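Engineer: First the structure, then my questions, so here it is.
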Amino acid sequence: MATSDQDNLPIKGRIYKLTVGDVNTGEGFEVDGLNMSFDVSRSADNKRGGNSAAIEVWNLSAEHRNRLNGSFLTVKLEVGYETTGLKVLVQGEVTESGTRDQGPDKVTQLVLGEGYVAVNHGRIKATTVGPGRTVADAFSEILKQMPGIARGPWIGTNLNNPLVRGHTLRPGPVRDQLNALAQTYGIEYSIANNVLTLTDRGKATNSQAEAPLLTPDTGLVGSPFRVALDSSKSTKDKTRKFGIQARILCDASIYPGQLVKLESEQFNGFFRVYTARYFGEMDSNNWYCDLLLRDPLSVDNITPNKKTGS
């Protein structure tokens, strides 16, 4: 295996396990010894689109390739290190699959959608949430009609707001109802690993005391830097929004919506993970996660560490 940044840290030996289908019934299979690559993108807010993932596996057996012909097969990818164990990175349904020849190898690609079937193929039955019940109650009614999706952290005062006039869930796609309710009441929602998470806009799912520490000693790679979130706007536009881009060694326990504590030469403080892209390949040096961070207290006023003057 190629060496990488992890060689200087107490986390050694990249490992993975890919589970396709249900191995308990004999209808699925597991892979852990072949070359494998992954590219997973997630956001703290899925209103503009769900999380996505692409996984490639080299030289699957013909039998295993044939098993990929089913509709919306479930797939779970766990990644980690020999010293820390496996953690679930992504779990969803296969929306596309195919195999290509690459020199002497056959490379099979799986494209996944997290909660894809429940959100994009599920349809809401007309339901009325009566006056006096809360925004969270309305989301609960939607969740009841999303088979296979569990309730995760639901955090924020907006979720406790009463529905003075009630709320009607109209027949139609689940995604439309989630988007409409979230937009109306200032809620961000995300579906990852078959779990629905809800927060007030910009609110973290954890406390400062629970925030993972990001330093060079814990897996921070290189130097974080300031980025514009809306690059189409002029540099003189005072409404431009900014964040911090940081790269860490791939860690499935760091995810969008979470509060992290960043300690670097330029930036120190608590930041909320806005988006995350996890990518890597067993037979290459890549095994990283790129994080877009924003200050949860002053999201549009990111400033460098005063100690450095940078």
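Engineer: Report the longest stretch of the chain that contains none of the GluC sites (Glu not before Pro) sitting in a DSSP loop with at most 12 other Cβ atoms within 10 Å.
Structural biologist: 83-310
Engineer: Taking H as built 1.01 Å from N, whose amide H comes closer than 5 Å to the amide H of ASN59, not counting residues under 5 places away?
Structural biologist: Amide H neighbours of ASN59: LYS106, VAL107, THR108.
Engineer: Moving on to the next point. Let's see if you can work this out: charge +1 on each Lys and Arg Cβ, -1 on each Asp and Glu Cβ, no other charges. What is the dipole magnitude of the chain about its Cα centre, in debye to the nearest 20?
Structural biologist: My answer is approximately 1460 debye.
Engineer: To continue, here is another question. Could you work out the helix-only [θ] at 222 nm for the chain, with each DSSP H run of four or more residues adding -39,500 (n - 2.57) and the total divided by the number of residues, to the nearest 500 deg cm²/dmol?
Structural biologist: -2500 deg cm²/dmol
Engineer: For the residue pair ALA180 and SER140, what label-to-label distance in nm results when each label sits 7 Å from Cα along the Cα-to-beta-carbon direction?
Structural biologist: Roughly 2.1 nm, to one decimal.
Engineer: Can you work out the FRET efficiency for the pair PHE225 and THR128, with r the C-beta to C-beta distance and R0 = 41 Å, to the nearest 0.05?
Structural biologist: With a Förster radius of 41 Å, E is 0.25.
Engineer: Follow-up question, since we're still on this one. Between ARG100 and ILE15, what length comes free when the chain is fully extended (0.36 nm per residue of separation minus the Cα-Cα distance, one decimal in nm)?
Structural biologist: That works out to 28.2 nm of additional length.
Engineer: Please turn the phi angles of region 47-54 into ³J(HN,Hα) values with the Karplus equation 6.51 cos²θ - 1.76 cosθ + 1.60 (θ = phi - 60°), one per residue in order, whole Hz, x for glycine and proline.
Structural biologist: 4, 8, x, x, 5, 10, 8, 10
Engineer: Now a separate question. Once you order the gyration tensor axes a ≥ b ≥ c over the Cα atoms, which shape class does region 118-200 get: rounded for a/c under 1.5, otherwise prolate or oblate by comparing a/b with b/c?
Structural biologist: Taking the square roots of the gyration eigenvalues as a ≥ b ≥ c, region 118-200 is oblate.
Engineer: For an R0 of 45 angstrom, estimate the FRET efficiency from the Cβ-Cβ distance between ASN161 and ALA54 and round to the nearest 0.05.
Structural biologist: 0.70
Engineer: Out of the trypsin sites (Lys or Arg not before Pro) in region 130-237, which ones are loop residues according to DSSP with at most 15 other C-beta atoms within 10 Å?
Structural biologist: ARG165, ARG201, LYS233, LYS236
Engineer: Between THR84 and LYS47, what's the calculated FRET efficiency when r is the beta-carbon distance and R0 is 35 Å? Round to 0.05. Working shown, then result.
Structural biologist: On the way: r = 33 Å, r/R0 = 0.95.
Approximately 0.55, to the nearest 0.05.
Engineer: Just give me a number: lysine pairs in region 5-115, eight or more positions apart or cross-chain, with C-alpha atoms less than 23 Å apart.
Structural biologist: Within region 5-115, the lysine pair count is 7.
Engineer: Continuing with this model, one more query. Measuring from label point to label point, each 7 Å out along Cα→Cβ, what is the ASN35 to PHE270 span in nm?
Structural biologist: Placing both labels 7 Å beyond Cα along the Cβ direction yields 4.4 nm.
Laboratory data are not the source of any read-out in this text; all were calculated from the coordinates shown. If you're wondering where the values come from, they're calculated on a predicted model, not measured in any experiment. Using ideal geometry, Cβ is built from the backbone for each residue, glycine included, and neighbour counts are taken over all protein chains shown.
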